[in-house]
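One structure is given below, encoded as structure tokens.
Where a number appears in this text, it was derived from the coordinates with a stated rule and is not lab data. Predicted, not measured: the structure shown is a model, and the values here were computed from it. Glycine also receives a Cβ, built like all others from the backbone with ideal geometry; neighbour counts cover every protein chain displayed.
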Amino acid sequence: MRISTFILIIFLFLTNEIKAGSKNQILENLQNGGNLIFIRHAYAPGSGDPDNFDLNDCSTQRNLNNSGKEQSKKIGNFFNEKNIPVDLVISSEWCRCKETALIAFNNFETKNFLNSFYSSKFAKNKNIQMKKLQDYINNWKSDKNLILITHYVVINEVLDYAPNSGEIIISDINFKIKGNIKIDF
């Protein structure tokens, strides 16, 4: 009996998805503003980037396919249809993040602290990027939402959460997760 209870508890912890409120509560949080909204770039098949990766050449990067582009449109439609106030959209400099931002929101700016540090080529940047992100958030003041379009590794590092492609994760300015929304592709 004790072993089965222990196994059940472990199973619940290992399979726990964010349950920070109902969809209505999450939507109300978004509509009230003042949130950080992390979005993992829309679907781009594969993982990482090719060895010949060049930040200034999208043809050397892993990019959105048609499903990812459709998912980006769905993200933008969600924000428009639900009247979610947006202060600013910032994106990683990677093409798949910029394309997600462009299709979903049209206007955005890039910040290198949202760039991926997945490959060993960029891993050395992680601590500097996290410091710059924290400084940016500390200076951000708005009653609207700040959207950050970035990569799995950045979201995982900041929020200790493993996002799907195109997933929206809502947090407060202290990086406490309030909820998530999965957008299918």
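Please list, in chain and number order, the residues 5+ apart from S91 or on another chain whose amide H is under 5 Å from its amide H, with Hs placed from the backbone.
Result for S91 returns E109, T110, K111, I149.
Please turn the phi angles of the range 176-185 into ³J(HN,Hα) values with the Karplus equation 6.51 cos²θ - 1.76 cosθ + 1.60 (θ = phi - 60°), one per residue in order, whole Hz, x for glycine and proline.
Result, ordered by residue: 8, 5, 9, x, 8, 9, 9, 10, 5, 10 Hz.
Taking 8 Å as the Cα distance limit and 6 or more residues as the minimum spacing, I'd like the relative contact order of the range 68-139 as a percentage.
It rounds to 26 percent for the range 68-139.
Each residue of the range 65-82 in turn: what ³J(HN,Hα) in whole Hz from Karplus with 6.51, -1.76, 1.60 and θ = phi - 60°, glycine and Pro shown as x?
9, 4, 5, x, 5, 5, 4, 4, 4, 5, 4, x, 4, 4, 5, 5, 5, 8
Name the residues whose placed amide hydrogens come within less than 5 Å of the amide hydrogen of A42, ignoring near sequence neighbours (fewer than 5 apart) on the same chain.
The list, which skips near neighbours in sequence, is T100, G166.
Pairing rule first: another cysteine's C-beta must sit under 4.7 Å. Under that rule, which cysteines of the chain stay single?
Lone cysteines by the Cβ rule: C97.
Going highest first, how would you order 170-180, 54-64 by mean Cβ packing within 10 Å?
Ranked from most to least packed, the peptides come out as 170-180, 54-64.
In whole angstrom, how far apart do the alpha carbon centroids of the range 39-66 and the range 109-135 sit?
The distance from the Cα centre of the range 39-66 to that of the range 109-135 comes to 17 Å.
Extent of the chain along each principal axis, from alpha carbon coordinates, in Å, largest to smallest?
59, 38, 35
If amide H atoms are built 1.01 Å from N in the plane of the peptide, which residues on other chains or at least 5 residues away come under 5 Å of the amide H of G179?
Residues meeting the criterion, in which the H sits 1.01 Å from N, are I170.
Determine one quarter of the surface area of the Cα convex hull of the range 57-114, which equals its mean projected area, and express it in nm² to one decimal.
About 4.2 nm², averaged over all directions.
For a quick protection proxy, order the peptides 40-46, 102-108, 81-87 by their average other-Cβ count within 10 Å, most packed first.
Packing order, densest peptide first, comes out as 40-46, 102-108, 81-87.
In whole Hz and in residue order, list the ³J(HN,Hα) couplings for the range 141-158 that follow from phi through the Karplus curve 6.51 cos²θ - 1.76 cosθ + 1.60, θ = phi - 60°; x for Gly and Pro.
9, 6, 8, 9, 9, 9, 9, 10, 9, 8, 10, 3, 5, 5, 4, 4, 5, 6
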